[in-house]
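Below: one structure, written as structure tokens.
The values are calculated or read from the model by the stated rules, or taken from the named source; none is laboratory data. Here the structure is a predicted model, which is why all the values come from computation and not from measurement. Neighbour counts run over all protein chains shown; Cβ positions are idealised from the backbone, glycine included.
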Amino acid sequence: MKFIAGVVFLFFGSLQAYSQRVCGTVMQSAEVATNTLTVTNEVGRDTVPNEVINIPVVVHVIFNTAVQNISDDQIISQIKVLNEDYRLKNATAANIPSAFKSFAADTRLNFCLAKVDPTGHQTTGIIRKYTTVPYFTDESMKYSMQGGDDAWDCKKYLNIWVCYIFGRSLGFATMPGGPADKDGVVINFDVFGNTGNVRTEFNMGRTATHEIGHWLGLKHLWGDEDCGSDGVDDTPRQRFANYYCPSFPHATSCSPNSDGDMFMDFMDFTDDACMSMFTQGQKMKMRSLFAKNGLRNSFLNSFACDASLATAGPLPQDTSKATAGPVNNVHKESSGIKVFPNPASSIINITSDENVILNGQPLLIYSATGKVVMKQTLQASSAKVDVSSLAPGMYILQVGQSSTRKICKFVKL
Ligand SMILES: [Zn+2]
């Protein structure tokens with residue numbers, strides 16, 4: 001793992017001086033191949049030809065600074081881009097050269113921000129979490145205990161972590177069949193969506209379109225080898241990655257004919273504005289994962305896009321340090337509470353930052369499934385609470401009520 005991570009980030013670092021696409025997925029998938037396959041398939045129904053398949057998404061925003069705490073609008077813009085790109089409804093599709101137009105496909109894959117969380121509670125599908133990690137050099141963003149946020153059930157949700165990746169790399173993905181706790185895609189905060197603070201060349205949300213293509217089993221067009229194959233019949237062979245924005249046709253000695261490379265395909269390395277399509281063959285390859293015995297077949301039984309199926313109200317979110325960001329939060333008047341030690345085995349101390357008055361406030365502790373496991377009224381400006389009776393695990397601590405409440409997660413050892 002360490003050796004591979006070193007390779008990844010050397011690669012990222014060596015290219016960061018250029019404004020060209022860099023994708024970390026090649027090395028990541030090499031790592032997956034050495035791991036035990038833990039995402040297994042359960043026998044389910046088969047797909048109905050051309051049915052629209054819904055993919056619930058949870059976006060874990062892991063931020064250390066205000067600019068990394070991207071807005072709800074930026075996140076929603078990314079979901080819109082995914083649905084335009086995967087449904088061939090994007091405006092740039094008009095630029096596909098006529099030689100390739102007939103290959104372009106509506107994949108009939110639909111993405112939504114999850115409306116129901118793994119415990120049945122309502123959710124926005126957006127998790128915000130402050131981290132002390134200034135930038136990530138490995139996959140720590142996928143683990144709560146390492147300054148990130150744990151994956152939701154990858155059989156029912158596409159996990160997207162948005163954070164600051166070292167070296168200004170754009171993102172990376174896991175291929176199908178990898179370890180469940182790592183399954184999903186990681187995208188740098190400034191190439192996610194098409195609004196807010198996004199880098200010029202990558203300001204149309206195509207990094208996530210590309211990385212989710214990997215999550216759905218697609219390879220780069222050149223198969224990561226000189227004139228290699230991506231295993232898809234209707235994408236022409238090409239020598240290597242295309243960068244920036246080539247002119248049509250771009251042919252090499254590797255090209256099957258004078259039409260050359262399909263550089264406007266999402267699985268090339270061109271700039272966002274120059275990408276427009278998946279092919280019919282890529283569509284078939286992606287959708288085969290959802291068929292009976294496919295590695296993502298379980299999504300046919302995921303109904304988290306349907307808000308009416310929530311069985312309980314939303315769980316409170318962790319608002320510690322949430323004031324660092326430009327998000328639509330109602331806690332700007334104060335910065336919140338501190339809980340320590342965390343993790344804790346017996347006594348936790350609760351103190352307030354700045355002007356939060358604890359004395360007289362109700363304290364509620366929820367289990368990870370949203371059940372109230374402790375309730376009391378705080379009697380002082382800093383409080384000690386005995387949590388030794390709680391079972392080991394993650395808990396959500398709430399001080400105060402309604403819009404003035406302060407939320408913090410802690411771990412009981
Ligand atoms: Zn890639």
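Candidates are the residues of the stretch 278-293 that are assigned to a helix (DSSP H, G or I) and not basic (Lys, Arg); the one that is nearest to residue 220 (Cα to Cα) is 282. Picking from residues in the stretch 264-277 that are touching a helix residue (DSSP H, G or I) at 6+ places or on another chain (Cβ under 7 Å) and part of a loop (DSSP other than H, G, I, E, B), the one that is surrounded by the most Cβ atoms within 10 Å (Cβ to Cβ) is 275. Considering every residue within the stretch 199-208, establish whether at least one is within 15 Å of the ligand (Cβ to nearest atom), basic (Lys, Arg), in the same structural domain as residue 280 (by TED's automatic domain parsing) and at pLDDT 95 or above. Looking for residues that are within 15 Å of the ligand (Cβ to nearest atom), basic (Lys, Arg), in the same structural domain as residue 280 (by TED's automatic domain parsing) and at pLDDT 95 or above, one finds at least one in the stretch 199-208, hence yes.
Applying the condition of being over 18 Å from residue 259 (Cα atoms) and without any contact (Cβ under 8 Å) to a residue 12 or more places away in the chain to the stretch 209-246 and asking which residue is farthest from the ligand (Cβ to nearest atom) yields 225.
Counting the residues of the stretch 204-235 that are of a type outside the set (A, V, I, L, M) and within 25 Å of residue 157 (Cα to Cα) gives 12.
Taking the stated definitions as given, is residue 182 among the basic types (Lys, Arg) and more than 14 Å from the chain's Cα centre (by Cα)? So residue 182 does not fit the description; no.
Scanning the stretch 252-309 for residues that are modelled with pLDDT of 95 or more, touching a Phe, Trp or Tyr at 6+ places or on another chain (Cβ under 9 Å) and more than 22 Å from residue 213 (Cβ to Cβ) gives a single hit, 252.
Out of 106, 46, 117, one residue alone is assigned by TED's automatic domain parsing to the domain that holds residue 300, more than 19 Å from residue 151 (Cα to Cα) and modelled with pLDDT of 95 or more. It is 106. Only one of the numbered conditions (1) in contact with a Ser or Thr (Cβ under 6 Å, 6 or more places away or on another chain); (2) buried (at least 20 other Cβ atoms within 10 Å of the Cβ); (3) closer than 18 Å to residue 74 by Cα is violated by residue 173, and that is (3). None of 75, 70, 62, 55 is at pLDDT 95 or above and in a helix (DSSP H, G or I) except 75. For residue 178, indicate whether it is in contact with a strand residue (DSSP E or B) (Cβ under 8 Å, 6 or more places away or on another chain) and closer than 30 Å to residue 297 by Cβ. So residue 178 does not fit the description; no. Checking each residue in the stretch 150-184 for being closer than 16 Å to residue 289 by Cα, away from the ligand (no atom under 16 Å from the Cβ) and not hydrophobic (A, V, I, L, M, F, W, C) picks out 155, 156, 157, 177, 183.
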